[in-house]
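Here is the structure we will look at.
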Amino acid sequence: GSGLESATKVWDARTGALKHQLPGVRGPVARSPLPNLYLVATNAGLMLFDAAAGALVGPPLAIEGEVTSLTADAASSRIALGTASGTLELIELRRGTDGAPRLVRIARVQPYQPRNWVQAVSLLDDGRRLISVVREGEIAEWDPASLTRRRVFPRTLQHVHQAAFVPGRPWLAISGTPDPQGMRSGKVEVVDLMAGVATRYKANTNLPVSV
């Protein structure tokens, strides 16, 4: 998807052909805990996309604020998201009595001020740990069951442009700057989410906006 378009497009990875177009879907997309189902953030809220049928399924789950980050864990069937309003939400994917999948909100908190975007979220250790990263730099671990903050990780960057979790490793990479305005010499920082140690590297640009 692109913030410059009003739709998310699904492409065939082998041929490069356009397979589906989802109008009104401009937010993050993530694999759901169930096979062939994907989570998509739409103007109406959070929805499920059936890749086999090529269609959105079920009613949307209304979300307060623009979704800026999205993740899911197959072992626990948990889904976590963050918004531009500074909120975190925990959601579960369940099947109704008719067998149809549905999204159920478990918890919601607003630990950050509006415009302090939640840049990234990740569920670790089979859904037992939730990690979040916000624009103003805080990296926090949460109890997924109650969305209470367990701890805050050390870091030196005060403004985060982008964040990425390393697949299969308890590591987080963030790009940003040591000043809160995000305008000074850019850095890339790697955080060990088990040991709680952050290592900073110089970036070859003053505004590293992706990692």
**Request:** Give, as ranges by residue number, the residues of the range 47-69 whose backbone N falls under 20 Å from the point 7 Å along Cα→Cβ of T97.
**Result:** 58-59
**Message:** Just to be sure I understand: with springs between alpha-carbon atoms less than 10 Å apart, which residue in T97, T199, T87 has the highest mean-square fluctuation in the Gaussian network model of the chain?
**Reply:** T97
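From largest accessible area down, sort K9, K19; use a 1.4 Å probe on the protein chains.
Details: K9 70, K19 115 Å².
Ranking K9, K19 by accessible area, largest first, yields K19, K9.
If you roll a 1.4 Å probe over the range 1-131 with all protein chains in place, what percent of the accessible area is carbon or sulfur?
On the way: 3150 of 6620 Å².
Whole-percent figure for carbon plus sulfur exposure: 48.
Per residue, how many Å² of accessible area does the chain show with a 1.4 Å probe?
51 Å²
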**Asked** If you place +1 on the Cβ of every Lys and Arg, -1 on the Cβ of every Asp and Glu, and leave all else neutral, what size is the dipole of the chain about its Cα centre, to the nearest 20 Debye?
**Response** 240 debye
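What number results when the radius of gyration of the range 74-123, computed over Cα atoms, is divided by 2.2 N^0.38 Å? Could the numbers behind the result be given before it?
On the way: Rg = 12.9 Å, N = 50, 2.2 N^0.38 = 9.7 Å.
So the range 74-123 has a normalised radius of gyration of 1.33.
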**Asked** What is the sum of charges around R108, taking Lys and Arg as +1, Asp and Glu as -1, for the other residues whose C-beta is under 9 Å from the C-beta of R108?
**Response** -1
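Figure the gain on full extension for V166 and A107 (residue separation times 0.36 nm, minus the Cα-Cα span) and round it to one decimal in nm. Numbers along the way, then the final one.
Values: separation 59, 0.36 × 59 = 21.24 nm, distance 2.60 nm.
Taking V166 through A107 to full extension adds about 18.6 nm, to one decimal.
Which value, in Å to one decimal place, does the Kirkwood hydrodynamic radius take for the range 27-87 when every pair of different Cα atoms is included? Present the calculation step by step, with values, prior to reporting the outcome.
Working: mean 1/r = 0.0854 Å⁻¹.
Over the range 27-87, the inverse of the mean reciprocal pair distance is 11.7 Å.
Determine, for each peptide in 49-59, 103-113, 170-180, the mean count of other beta carbons within 10 angstrom over its residues, then list the peptides with the highest first. Could the numbers behind the result be given before it?
Details: 49-59: 13.9, 103-113: 15.5, 170-180: 19.5.
Descending packing order for the listed peptides: 170-180, 103-113, 49-59.
The values are calculated or read from the model by the stated rules, or taken from the named source; none is laboratory data. The model shown is predicted, which means the values in this text are computed figures rather than measured ones. Methodologically, a virtual Cβ is constructed for each residue, glycine included, from the backbone with ideal geometry; neighbour enumeration extends over all protein chains shown. Calculation scope for accessible area: heavy atoms of the full protein, side chains included, ligands and nucleic acids excluded. Shrake-Rupley method; radii C 1.70, N 1.55, O 1.52, S 1.80 Å.
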